[in-house]
């Protein structure tokens, strides 16, 4: 008898425990006076990760609330959902934000944004995204204040041809599908009008392991310039391998390599890089300006904020706040936010080139259409050139 | 000449494979354990060395701050325990190496004394699970301490180039080749000429006889484990600047290292070292061919080379692992089959009703967690059948689940077949793959089978899941929402009951129905004649064959049922996600499945339910994280590894067995035990 009672009491307690946890889902945004919430899906759990994004977003929220009075006097807050480098984890976070009516707008700080877009767009939730896939700038309901692969590709080639005088380029790519399926055809199509040709096949670098073989292959191709469109984790090993194999041609790295962690290693000395914005990537943060002010004042000078993606996160939180204000503040709806985004333009985002929405069809979501080239000197990266990109030419290239 | 260049370049990776293989051989000769954690030991030492060079500190095991979860749960501030210790200023290369290798030696000693010595007479399954537990624990510790992003490793060897034989290559490749050759030669001489080495060889040949001769087998094993761990650590320190320093990279090199060690039948250090170097060089040359020769298909040959080596070792060597004459061996955990009393039927019904309530009415995280748990239960059941009932260790379950996932996407979305038919075909395809991959089980068992299945899982991933086709994709793959009789039952489908949020209760109902059917089927299997034959094979293959059981047919049947269940779980995963990639079905996921299934109780259906609850993103984890404000998230891997080792060493029947034992013990104390059998169960572990 006693045992049965114990078992029953235990079962009831467990049921109450679980039910309590189940029922604790009241949204904070439902309460008056609460901050307006912005969702952030941040890729920071696995090998390819950008932990600086969530740190930068929190920093930007502090700046917006302190100096821009939030959204018409209502503070903003960012809800971070961290993901790994697989589409599955992005879908789980997208479902969470899709269910949460208090989250007004979602920032996609992941290279697998396309995986979550369907879920969020399906419930009408506006998305500001990093671009790694054409779908990120051609899906209605998704906006990008990030150059992404299209602008990056065009910027890389125009700088190589016009500034470096190259006629051939070699390509080291990450061993992922988007390199083979999106980037390579895009580069080939864009290179031809510029008088550039690709030397040899694109060489893929396995995500983990010794990159010396691929770099040696690239060196053997004898191109005028080497483009390294690789993941952040591969930047330093590839640069070290290029150095130890004596690869002396000009080398340009993708925005994934433009983090303070990579730059401060000094391995990329002499390389060029392509960045989301003109924020300095240097240990002592010499340049003044709004971005440096935000990092110093609200980010405790965290060196991780001095990065391409840190800059993206700061700018996107500011865009979200401005758009929410335009769309009606606390009373903003999905439709009013979408309308405000469609009409958004700015030339005063911190360290950013001018942005304007929408982009030319079919790239309606492409609100940033300028590539920023930086030059790495020792363990600092300094702005070198701005390369505006005509996306209508890109449209023709992809149709071909 | 170009091929020569690439072969030399591949020696960087080859040398690490060789050094890890040397450690594997040393540990196996000393204790008969195939240590899947050997790569993780190399990684932990390399991280420790880097930490010493950068900041002069070493990580303090086991947790960064053991009181952190308590602080988070109760919103209080207690005290901070040190997470790193050391002088706090960067150390020079040699002192840092010495300290890091000392840490490696202590790690090896701890692995022996705390884990493998207590498991000396345990079944192979327990040893494999324990080594997987150590691997998960070390990986978790690295992620907690240093994060998952790559770190810049400190260079020990010079990195300038030299021009030899008309080609310019980094000098470190040549130096590392010399280092491995010296280590292999030294070890060969040591085992040939020293008294310790000869005693170790004697114990490896026949542990029983060595013990009778007065050899301290346990002490000898401890020294060998320390030596093996130091070898792994040295490989990690020297080679991490070449192959990269991430939690996964060195850990995964254990697979090609196993291939190299198998070439030497886990007994020849010279062949193992040479095998490792050849694998590294060959991988580099095959990479060159894949990139530059049109006639070589780009099907991931270089990545799957270790499987080919293991297959070659099997063909050439036959039964690839030498057996040891052990003093005694404990039996496997009981595959307990409870009688279906009214009370039990009511309890099972109550559990299903409770699950139904969660599926229909709970809020998002819990509802989603319940779906994950149910899929996890099906995956764990797949291991109950093959490992729990037949004692065949399978480390490829997630790869087979991937076949189910891609199969259902192909048959439902691409071919437009109805959901149930697509599910059936996907499950059949998974079962077929399982049967094919089970063929090595007809010749091998125990650790050999574990090695083969882990390599098979890798091969399925590289050759099939990551390639464009019916059962794979280079990119992500979409799958249509499932529907039955006109009702849409996808996670994002609308459903008349519930709050209209994602995931839809309709999807939960579909998963619940399939999970219940699957669980009942496995319970029925246990009580069937086939189930009895499976247990007979598990107990003693020769005795079972003598009793007229067709051992080969039973093994193949078990693998096919198990693979069908794994395929079903994969298909449900695909439906849950709507869009998925091959990354979800990798080797580490398979190891995690085994870990959680063993933790729950790998021999019973109730154990599978426990395992599902503990699965990543499962309901147990979700509810715990809700209660602890997500503070435990980063500790998941570490805690899972720790619990797995504890389970393997102290309670091989898992949580289910433990709670059953406690239940019967309580009844016995209260004088309520029904019969002698229950009294016996209460005595277990007492």
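What follows is calculated from the coordinates using simple rules that are stated; it is not laboratory data. Quick caveat: nothing in here was measured; it's all calculated off a predicted structure. With ideal geometry, Cβ positions are generated from the backbone for all residues, glycine too; neighbour counts draw on all protein chains shown.
Things worth noting here:
- Fewest-first sequence of B:590, B:447 by Cβ atoms within 10 Å of each Cβ: B:447, B:590
- 0 to 90° range, to nearest 10: angle between helix B:171-193 axis and chain B longest Cα axis: 90
- Degrees, to the nearest 10: B:529-539 long Cα axis against longest axis of chain B: 30
- Over chain B, Cα pairs under 8 Å with separation of 6+ residues give a relative contact order of 20 percent.
- Kirkwood-Stokes translational diffusion coefficient of the protein assembly as shown, alpha-carbon pairs, 10 °C, 1.306 mPa s, µm²/s: 52
- On the beta carbon distance between residue A:302 and residue B:344, with R0 = 56 Å, the FRET formula returns roughly 0.45.
- With Cα atoms, 0 to 90° folded angle of helix B:93-110 axis to chain B main axis: 40
- 222 nm mean residue ellipticity, helices alone, for the protein assembly as shown (DSSP H n ≥ 4; -39,500 (n - 2.57); rounded to 500): -17500 deg cm²/dmol
- Summarising the label geometry, the points placed 7 Å from Cα in the beta-carbon direction at residue A:163 and residue A:343 lie 3.6 nm from one another.
- Exposure proxy shown here: for B:588, B:596, B:165, the number of other Cβ atoms within 10 Å sets the order, fewest to most, as B:165, B:588, B:596.
- Cβ crowding within 10 Å, taken as a proxy for footprinting-reagent exposure, orders A:271, B:164 from fewest neighbours to most as B:164, A:271.
- Distance-filtered residues of the stretch B:633-663 - backbone nitrogen under 13 Å, label point 7 angstrom along residue B:353 Cα→Cβ: none
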